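Step one of this worksheet: look at the structure below.
The values are calculated or read from the model by the stated rules, or taken from the named source; none is laboratory data. Only a predicted model underlies this, so the values are computations on that prediction, with no experimental measurement involved. Cβ atoms come from the backbone with ideal geometry, glycine included; neighbour counts cover every protein chain shown. Keep in mind that these areas ignore ligands, DNA and RNA; they rest on the heavy atoms of the full protein, side chains included. Shrake-Rupley method; radii C 1.70, N 1.55, O 1.52, S 1.80 Å.
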Amino acid sequence: MKVPFLDLKAQYASIKDEIADALQQVLDNAAFAGGPFVENFEKDFASFCQCEFAIGVGSGTAALWMVLLSMEMDPGDEVITAPNTFIATAEAISFCGAKPVFVDVDEQTYNINPDLIEDAITPKTKAVIPVHLFGQMADMDPIMEIARAHKLFVIEDACQAHGAEYKGRRAGSIGDAGCFSFYPGKNLGAYGEAGAIVTNNAELADKLRMFRDHGQEKKYYHSMIGWNARMDGFQSAVLSVKLKYLAEWNEARRKNAQLYNSLLANLDSVITPEEADYAKHVYHIYAIRTRTRNAIIKALAEKDIFCGIHYPIPVHLQDAYEFLDNKKGSFPVAERCAEEFVSLPMYAELSENQIKSVCHEIKSFLEVRV
Ligand SMILES: *Cc1c(COP(=O)(O)O)cnc(C)c1O
């Protein structure tokens with residue numbers, strides 16, 4: 001049975017007419033860059049995230065960058081984050097002149113290990129960016145406690161965690177700011193590039209609104225040097241339609257994950273994802289761990305089942321970050337995970353039969369090998 005890693009066409013088919021209407025309205029109003037559709041989406045997304053403010057921007061990378069810029073890093077300042085993330089987290093730190101400092105992750109949740117943060121703090125540390133990897137939030141209480149004690153900003157990289165919860169609180173609502181990506185494959189995906197920042201800090205929200213629009217308070221009156229990081233009108237209209245279904249789609253992902261978990265339980269050579277007691281996981285990625293990762297991916301591909309790897313090389317071992325001089329072995333949990341992770345097909349429209357077929361092929365591969 002054919003099982004793609006992701007099926008954006010299936011989702012589009014379910015909302016086709018609503019999307020057409022929404023795009024037509026943007027055309028009729030010629031509201032292409034920023035404007036009323038963006039403002040509408042911001043209002044709804046802020047409330048979805050249990051936050052007071054949302055600021056729409058051009059991408060998740062821009063969201064992280066804009067927040068860090070607004071926190072005014074000095075050259076040589078340090079920002080703590082996890083090494084097993086998409087490179088954008090580290091790039092945003094680098095692009096505002098600061099240095100990414102990595103801290104290893106917890107073996108159960110794959111998120112930054114709070115017990116290791118304090119040792120990484122120096123007089124130059126300005127902020128911590130927990131990354132809510134795969135749709136499960138990092139352990140925020142100890143992170144906030146450490147950050148407050150050392151007067152550090154906390155920026156949640158919630159780019160994979162739209163609607164995820166920590167003790168009932170939504171991703172993005174706990175730190176000083178939360179950053180979201182609406183890249184098409186995310187749990188809430190645009191039909192192009194988009195992102196947003198959420199916060200409860202009115203001053204920060206005002207600053208970010210100016211930053212994303214060339215530092216202008218009103219047109220052609222610039223009180224600071226900003227950038228063009230505005231959200232596109234079409235994207236906001238698409239996102240407003242899709243936001244209404246996000247909770248339902250996240251529930252479908254959770255149900256799919258439960259079926260995977262039950263079908264893959266009790267296999268010695270497979271570790272399935274665990275939902276922490278504090279968490280509501282939204283399974284942006286459903287990643288299992290196995291020592292025979294590459295062989296499983298190949299065997300499944302031969303049966304038309306397509307998997308991913310998130311991520312094959314942790315950020316500290318990427319060529320781009322060689323200059324930081326982090327050696328292999330510095331972050332053993334993140335490195336072991338990078339060698340063992342396989343992301344199985346995961347999206348709301350995945351059928352029970354497709355999931356059964358994926359698990360059947362994994363089991364027959366493992367039996368052939370033993
Ligand atoms: C997707 C992603 C980003 C970047 O978002 P873009 O919209 O692609 O720029 C940043 N951090 C993480 C963890 C992501 O998954």
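Under a straight-distance cross-link criterion of Cα-Cα below 30 Å, which lysines are reachable from Lys244, leaving out those fewer than 8 residues away in the same chain?
Lys2, Lys9, Lys16, Lys43, Lys167, Lys186, Lys207, Lys255, Lys280, Lys356
Please compute the length gained on full extension between Ile313 and Ala20, using 0.36 nm multiplied by the number of residues separating them and subtracting their Cα-Cα distance.
Residue separation times 0.36 nm, minus the Cα-Cα distance, leaves 101.5 nm.
Output ³J(HN,Hα) for segment 178-187: one whole-Hz value per residue in order, computed from phi by the Karplus curve 6.51 cos²θ - 1.76 cosθ + 1.60 with θ = phi - 60°, and x for Gly and Pro.
Per residue, the Karplus-derived 3J(HN,Hα) values read x, 10, 10, 10, 10, 3, x, x, 6, 4 Hz.
Taking 30 Å as R0, compute the FRET efficiency from the Cβ-Cβ separation of Asn40 and Ile225 and round it to 0.05. Could the numbers behind the result be given before it?
Details: r = 29 Å, r/R0 = 0.96.
Computed FRET efficiency for Asn40 and Ile225 comes out at 0.55.
What does the charge dipole of segment 246-369 about its Cα centre add up to, to the nearest 20 debye, if the Cβ of each Lys and Arg holds +1 and the Cβ of each Asp and Glu holds -1?
Values: 15 positive and 18 negative charges, 49 e Å.
Roughly 240 debye, rounded to the nearest 20.
Going from most exposed to least, what order do Ile271, Ile225, Ile93 have by accessible area with a 1.4 Å probe?
On the way: Ile271 80, Ile225 155, Ile93 0 Å².
Per-residue accessible area, sorted high to low, gives Ile225, Ile271, Ile93.
Measuring from label point to label point, each 7 Å out along Cα→Cβ, what is the Gln108 to Gln258 span in nm?
The two pseudo-label positions are separated by 2.0 nm.
What is the local net charge at Leu317, summed over the other residues whose Cβ is closer than 12 Å to its Cβ (Lys, Arg +1; Asp, Glu -1)?
-3
Quick one: ranking Tyr110, Tyr191 by accessible area, 1.4 Å probe, largest first, what do you get?
These residues rank, largest area first, as Tyr191, Tyr110.
Starting from the 7 Å offset along Cα-to-Cβ, what nm value, one decimal, do you get for the label separation of Glu203 and Glu349?
Result for the modelled spin labels: 4.7 nm.
Tell me which trypsin sites (Lys or Arg not before Pro) from segment 203-270 have a DSSP coil assignment and no more than 13 other beta carbons within 10 Å of their own. Walk me through the intermediate numbers first.
Numbers: sites: Lys207, Arg209, Arg212, Lys218, Lys219, Arg230, Lys242, Lys244, Arg253, Arg254, Lys255; in loops: Arg212, Lys219.
Of the trypsin sites (Lys or Arg not before Pro), the ones in loops of segment 203-270 whose Cβ has at most 13 other Cβ atoms within 10 Å are Lys219.
Under 13 Å from a label point 7 Å along Cα→Cβ of Arg336: give me every residue in segment 93-130 with its amide N that close.
Answer for this model: 105-110.
Can you list the residues of segment 277-292 with backbone N under 20 Å from a point 7 Å past the Cα of Ser364, pointing along Cα to Cβ?
292
Pull up all non-local amide H partners of Ser59: gap of 5 or more, or a different chain, and H-to-H distance under 5 Å with H placed in the peptide plane.
Hits under the 5 Å cutoff: Gly195.
Can you run phi through the Karplus equation (6.51, -1.76, 1.60; θ = phi - 60°) for segment 248-258 and list ³J(HN,Hα) in whole Hz, with x for Gly and Pro?
So the Karplus estimates, Gly and Pro as x, are 5, 5, 5, 4, 5, 4, 5, 5, 4, 5, 4 Hz.
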